[in-house]
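Scroll down for the structure; my scribbles are underneath it.
The values are calculated or read from the model by the stated rules, or taken from the named source; none is laboratory data. What you see is a predicted model, and the numbers here were worked out from it, not measured in a lab. With ideal geometry, Cβ positions are generated from the backbone for all residues, glycine too; neighbour counts draw on all protein chains shown.
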Amino acid sequence: MSGPADPRLILRDEELDAGVELMMLAEAALWAGVDAGLEAEAARESIAPRAAILGRSHWRAAFLLKRRPGLGVQELARLTSLSKQAASKVLGDLEARGLAEKVARVLDGRRRAALLTGSGAAFEDRIAERLRGQLARAYRTGGLDGVGGARAILGALAGSRGKGGDAR
């Protein structure tokens with residue numbers, strides 16, 4: 001679907017700024033869904049102190065591990081713009097809770113790949129279910145042509161980060 005750019009498409013700064021604004025508002029709406037899911041997880045586990053609650057970075061890591069099993073710290077840091085130290089901490093937190101496990105890679109046993117456990121996949125799915133509902137409603141609003149267009153635009157924005165994921 002990525003052909004040459006249509007030379008008739010001329011976008012003014014106002015139109016581009018409106019697009020950036022909508023992207024920011026859409027991102028905020030999606031993160032609100034993640035936050036609600038994380039709060040539900042905390043209530044489900046009866047966790048009282050806020051510090052013990054898993055955050056957005058933990059869910060993002062779980063989501064990416066579902067889509068790209070075997071990610072390492074370096075790949076997770078690149079995909080999420082976390083530092084390597086932060087990505088390592090997030091994976092360590094997931095591992096400590098039994099949501100992920102690290103295994104030696106086949107070609108390089110010194111590097112550890114992370115995989116979701118069954119509990120980790122269930123954690124990720126409970127939160128992602130909310131987002132899938134939000135996205136399905138938005139896609140229905142855009143119609144059949146809008147879905148492909150939206151995916152093409154978002155894929156172009158994601159650039160190399162969007163490569164290598166499950167293209168369902």
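Brief remarks on what is shown
- Gly142 being in a helix (DSSP H, G or I) and more than 23 Å from Arg56 (Cα to Cα): yes
- Figure legend. Inter-residue proximity from segment 47-70: first residues at pLDDT 75 or above, second residues of a type in the set (S, T, N, Q), beta-carbon distance below 8 Å, spacing 6+ or different chains. Indicated pairs: Ser57/Thr80; Arg60/Thr80; Ala61/Thr80; Leu64/Thr80.
- Residue count, segment 1-33 (criterion: out of contact with any Lys or Arg (no Cβ under 6 Å at 6 or more places or on another chain) and outside any loop (DSSP other than H, G, I, E, B)): 20
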